[in-house]
1. Given the conditions (1) under 13 Å from ASN56 (Cβ atoms); (2) touching a residue at least 60 places away in the same chain (Cβ under 8 Å), report the number of the one that VAL112 does not fulfil.
2. So which of GLY37, GLY85 is closer than 17 Å to SER141 by Cβ and under 14 Å from the mean Cα position of the chain (by Cα)?
3. From ASN159, ASN171, grab the single residue that is polar (S, T, N, Q), on the phi > 0 side of the Ramachandran plot and touching a residue at least 24 places away in the same chain (Cβ under 8 Å).
4. Looking for something at pLDDT below 95 and either of a type in the set (A, V, I, L, M) or surrounded by 22 or more Cβ atoms within 10 Å (Cβ to Cβ) (or both) - is there at least one such residue anywhere in the range 76-91?
5. Could you please let me know if ARG128 is basic (Lys, Arg), more than 16 Å from SER22 (Cα to Cα) and out of contact with any Leu (no Cβ under 9 Å at 6 or more places or on another chain)?
6. Which residues, taken from the range 1-37, are touching a residue at least 60 places away in the same chain (Cβ under 8 Å) and within 13 Å of ALA147 (Cα to Cα)?
7. Does the range 41-63 contain at least one residue that is aromatic (Phe, Trp, Tyr) and closer than 24 Å to VAL169 by Cα?
8. Applying the selection to the range 126-143, what residues are farther than 21 Å from ILE31 by Cβ and in contact (Cβ under 8 Å) with a residue 24 or more places away in the chain?
Amino acid sequence: MRTEFLSELVGTFVMVFIGCYSIKAGYSPAIISFSFGFAVFMVILISRRYSGAHINPAVSIAFSITGQLDKKMLMPYLTAQFIGGIVAAYLVGSFGATEFSVNIGSGIGIEVFITFVLMMSIYLTIFRTDSDLIVALVVGSVVACLAFIFGSHTGASMNPARTLGPNFVSNSISVIPIYLISTISGSCLAALAIHRKNSNN
């Protein structure tokens, strides 16, 4: 358990730190999106063998539903991910908070949708290959693309740990529960879709 905990903590830290630091540096939306995607790619490539490289509470919750994560490991995973995101946010400073530039209903819909797409891309990839490189390429690319397309609307969170730390440090706290519920709902919808598909086969 210690290995998995440290892997998730460090992996989430790296993803949040690199992504939010690119925002702090004032890079273009394309570079910021690439930074998040590249960070996800690197973390998966390096640490998937140790913990699965979820680096996202929404992913861990979905995996606990469909059996890729033992339910007794869920709380350690979530704890590690949230700690990693918070520590990274404190080091970066008040940059990278996710906020809605659209109305709240549209924002919730976007976050549910893009987290669903991300989770489905993960499922469809890991069901076809166990190659760390391929999984890292696919998931990192999906994160980068979704961030680029939807980042200007909601910040393209897709990840409760990516929102909690930066928003807390930036004192943008009121929207945190909305992001947490939206992203977890999206991943759970994907998990339920996969569970139903597997039950029908």
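The values are calculated or read from the model by the stated rules, or taken from the named source; none is laboratory data. Since we're looking at a predicted model, the values are computed, not measured. Don't worry about glycine lacking a Cβ; one is built from the backbone with ideal geometry, like all the others, and counts go over all protein chains shown.
1. Of everything listed in (1) under 13 Å from ASN56 (Cβ atoms); (2) touching a residue at least 60 places away in the same chain (Cβ under 8 Å), VAL112 misses just condition (1).
2. GLY37
3. Just one listed residue meets the conditions, ASN171.
4. Within the range 76-91 (the criterion being at pLDDT below 95 and either of a type in the set (A, V, I, L, M) or surrounded by 22 or more Cβ atoms within 10 Å (Cβ to Cβ) (or both)), the answer is no, since none of the residues qualifies.
5. Here the answer is yes, as ARG128 does meet what is asked.
6. GLY19, CYS20, ILE23, PRO29, ALA30, ILE32, SER33, PHE34, PHE36, GLY37, listed by residue number.
7. For the range 41-63, residues aromatic (Phe, Trp, Tyr) and closer than 24 Å to VAL169 by Cα: absent.
8. ILE126, ASP132, LEU133, VAL135
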